[in-house]
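Take a look at the structure set out below.
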Amino acid sequence: MIEIRQFRWPDYDAVVGLWQSAGRDVVPRDELAAKLLRDPQLFLVAVAAETVVGVVLGTYDGRRGWILRLAVDPTCRRQGIATSLIGELEARFAALGCPRVNLLVLPEDTGALRFWQALGYLPAPDVLCSKPMPAPR
Ligand SMILES: CC(C)(COP(=O)(O)OP(=O)(O)OC[C@H]1O[C@@H](n2cnc3c(N)ncnc32)[C@H](O)[C@@H]1OP(=O)(O)O)[C@@H](O)C(=O)NCCC(=O)NCCS
């Protein structure tokens, strides 16, 4: 039985382990603390027998939703856990009135691409551009 619920701080070490085992960058505590001030209900974990086996970080800027850092324990994949996480996250986006959700996938990450396409997320031709901002003075 899988429970999908909002992240709680005691989950943090397990979430870090999931991100690391999936090769994803770890979101540091201070960045998460800032995110949780805005939309804490969009940071979800999947729990089986009191163990955190999946995680996804959603954000909503008032116009678009973004899905980040989805990861499922390698020993628990292909059991529908990511599908359940995204289903719950989509319901929460909808409750906020979010009209469209975006995410980024590396082109060589064919497994993840198949997963997203199975859920109806279609590739767009946009190219990601990124620039770090200076620290606040
Ligand atoms: C991608 C990932 C989150 C999928 O999690 P999961 O819980 O195994 O996914 P689900 O069981 O809900 O899969 C649902 C469907 O997606 C597709 N799918 C999922 N993983 C797939 C893979 N590796 N290859 C091909 N199709 C896949 C299948 O259609 C699957 O249905 P099926 O098992 O009945 O065939 C997981 O493999 C993972 O954590 N990967 C490493 C991190 C990562 O790539 N994150 C996403 C980055 S954008």
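The values are calculated or read from the model by the stated rules, or taken from the named source; none is laboratory data. What you are looking at is a predicted structure, and each value in this text was computed from that prediction instead of being measured. Neighbour counts run over all protein chains shown; Cβ positions are idealised from the backbone, glycine included. SASA here: full protein model, heavy atoms, side chains in, ligands and nucleic acids out. Shrake-Rupley method; radii C 1.70, N 1.55, O 1.52, S 1.80 Å.
Restricting the search to the stretch 57-99, which residues are within 16 Å of the ligand (Cβ to nearest atom), farther than 16 Å from LEU119 by Cβ and over 9 Å from the mean Cα position of the chain (by Cα)? ASP73, PRO74, THR75, CYS76, listed by residue number. The C-beta contact set for the stretch 24-39 (first residue modelled with pLDDT of 95 or more and open to solvent by 100 Å² or more (accessible area, probe 1.4 Å), second residue hydrophobic (A, V, I, L, M, F, W, C) and more than 16 Å from the ligand (Cβ to nearest atom), distance under 9 angstrom, 6+ apart or interchain) comprises ARG29/TRP9. Taking the criterion of being assigned to a strand (DSSP E or B) and under 17 Å from VAL16 (Cβ atoms), would at least one residue in the stretch 72-88 satisfy it? Yes; the residues of the stretch 72-88 include at least one that is assigned to a strand (DSSP E or B) and under 17 Å from VAL16 (Cβ atoms).
Would you call ALA135 surrounded by fewer than 10 Cβ atoms within 10 Å (Cβ to Cβ) and at pLDDT 95 or above? Please lay out each step first, then the result.
Details: surrounded by fewer than 10 Cβ atoms within 10 Å (Cβ to Cβ): yes; at pLDDT 95 or above: no.
Judged against the criteria, ALA135 is not a match.
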